[in-house]
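Student: Following this message is one structure expressed as structure tokens.
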Amino acid sequence: MNRENPYLPVPMRLEKNFVETSDRNIRTFTLSFLNQADEEAFRYLPGQFAEVFVPGKGESPFGMASSPTEPGRLKFSVNRAGVVTTALHELTEGASLGVRGPLGHPYPVEPFKGKNVVIIGGGFAFSTLRALTVYLLDRRADYGNITVVYGARSPGLLLYKEELAGWAQRDDLNLVTTVDRGEEGWTGRVGFVPAVTKEVAPPPDNTYAVICGPPVMIKFTLPVLREAGYPDERIIMNLEMRMKCGLGMCGRCNIGEKYVCKDGPVFTLAELGRLPNEF
């Protein structure tokens, strides 16, 4: 972030604009820094977000899909939903744009050390969980068992398909992908994320659970984790969908006395339990 003017984005170049899903509504953008000093100053961890600025259209906040263990590039997976996201989808490789960040608080990767981690995601909300998974695998010896549960409505809506295939071959990661409804050629699981989580989640002892996805998925997965014995202090959530300006100035992301963009977007369920039920 520009420390003198936090509203000023750093210039970046669009290196790759990749269609992720069969409906073509989600693309992953790979950006490179134009200035080495900006790259060196951009220090972040999985779970943080940034404001992506499209000249002439405005800016929007997105969680970073890249891990800091992948230097020189930032990745954002973006669903086409409005003016800025549509403009992003229409950019060609080589285009100039800006990024303001990093913003917010990350996943607690230090407390995760020596612990088991179960990562539970759905739809395009898996982007910051992709970042977390890549980070943990890069430092694999620091963590216990790692389980990833990732679901989508259909096989064509799963993100990072080539990467998922690579993860499935690893013997130090338990990857479980599932879809709400199968289709011809799909040989994986068919089932909703909460039910699959109940089946494959590791015991709660010495384990953190990280969850990010559609509200309905979260609504039905949280009881599964609680019934399994996971304490609220070790259930981690990401409320990035609540963010707007990223600096706590516009007031559009507040939950009680907290601002998601400054105090989050990562919270424990215990922290959220002390706030008004507005999330």
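The values are calculated or read from the model by the stated rules, or taken from the named source; none is laboratory data. A quick note: this is a predicted structure, and the numbers were derived from the prediction, not measured. A quick note on method: Cβ atoms are made from the backbone with ideal geometry, for glycine too, and the neighbour counts reach across all protein chains shown.
Student: Out of all the residues in segment 186-208, is one or more within 21 Å of the chain's Cα centre (by Cα), outside the structural domain of T28 (by TED's automatic domain parsing) and among the small types (G, A, S)?
Tutor: Looking for residues that are within 21 Å of the chain's Cα centre (by Cα), outside the structural domain of T28 (by TED's automatic domain parsing) and among the small types (G, A, S), one finds at least one in segment 186-208, hence yes.
Student: Take segment 138-164 and flag every residue that is outside any loop (DSSP other than H, G, I, E, B) and surrounded by fewer than 16 Cβ atoms within 10 Å (Cβ to Cβ).
Tutor: First, the residues of segment 138-164 that are outside any loop (DSSP other than H, G, I, E, B): 138, 140-142, 146-152, 155-157, 161-164.
If the condition is that a residue be outside any loop (DSSP other than H, G, I, E, B) and surrounded by fewer than 16 Cβ atoms within 10 Å (Cβ to Cβ), then D138, R140, A141, D142, G156, K161, E162, E163 are the ones that fit.
Student: Next question. In segment 1-94, which strands (runs of 3 or more DSSP E) lie fully inside it and hold 1 or more residues that are over 22 Å from E240 (Cβ atoms)? Even if it seems obvious, please write down each step before you answer.
Tutor: On the way: elements: 10-19, 26-33, 49-54, 58-63, 73-79.
Once the strands (runs of 3 or more DSSP E) in segment 1-94 are filtered for at least 1 residues that are over 22 Å from E240 (Cβ atoms), what remains is 10-19, 26-33.
Student: Test S22 against the criterion of being in contact with a Lys or Arg (Cβ under 9 Å, 6 or more places away or on another chain), surrounded by 13 or more Cβ atoms within 10 Å (Cβ to Cβ) and polar (S, T, N, Q), and give yes or no.
Tutor: Numbers: in contact with a Lys or Arg (Cβ under 9 Å, 6 or more places away or on another chain): no; surrounded by 13 or more Cβ atoms within 10 Å (Cβ to Cβ): yes; polar (S, T, N, Q): yes.
Considered against the rule, which asks whether it is in contact with a Lys or Arg (Cβ under 9 Å, 6 or more places away or on another chain), surrounded by 13 or more Cβ atoms within 10 Å (Cβ to Cβ) and polar (S, T, N, Q), S22 comes out as no.
Student: Moving on. Picking from S66, S96, S77, which residue would you name as being more than 20 Å from C212 (Cβ to Cβ) and touching a strand residue (DSSP E or B) at 6+ places or on another chain (Cβ under 8 Å)? Walk me through it before giving the result.
Tutor: Details: S66 fails: more than 20 Å from C212 (Cβ to Cβ); S77 fails: more than 20 Å from C212 (Cβ to Cβ).
Being more than 20 Å from C212 (Cβ to Cβ) and touching a strand residue (DSSP E or B) at 6+ places or on another chain (Cβ under 8 Å) holds for just one of S66, S96, S77, which is S96.
Student: Mind checking whether some residue in segment 199-208 is part of a loop (DSSP other than H, G, I, E, B) and aliphatic (A, V, I, L, M)? Let's see the steps before the verdict.
Tutor: As a first pass, look at segment 199-208 and keep what is part of a loop (DSSP other than H, G, I, E, B): 201-206.
After this cut, where a residue has to be aliphatic (A, V, I, L, M) as well, the list is 201.
Yes, the conditions are met somewhere in segment 199-208.
Student: Just to be sure before I move on: is W167 among the aromatic types (F, W, Y) and surrounded by fewer than 16 Cβ atoms within 10 Å (Cβ to Cβ) in the structure I sent?
Tutor: Numbers: among the aromatic types (F, W, Y): yes; surrounded by fewer than 16 Cβ atoms within 10 Å (Cβ to Cβ): no.
Here the answer is no, as W167 does not meet what is asked.
Student: Starting from residues that are among the hydrophobic types (A, V, I, L, M, F, W, C) and in contact (Cβ under 8 Å) with a residue 24 or more places away in the chain, keep the ones in segment 166-194 and report whichever is farthest from N238 (Cα to Cα).
Tutor: Taking segment 166-194 and keeping what is among the hydrophobic types (A, V, I, L, M, F, W, C), we get 167-168, 173, 175-176, 179, 186, 190, 192-193.
With in contact (Cβ under 8 Å) with a residue 24 or more places away in the chain added as a condition, the list becomes 167, 173, 175-176, 179, 186, 192-193.
Values: W167: 23, L173: 22, L175: 20, V176: 20, V179: 22, W186: 30, F192: 20, V193: 17 Å.
Residue satisfying both the conditions and the ranking: W186.
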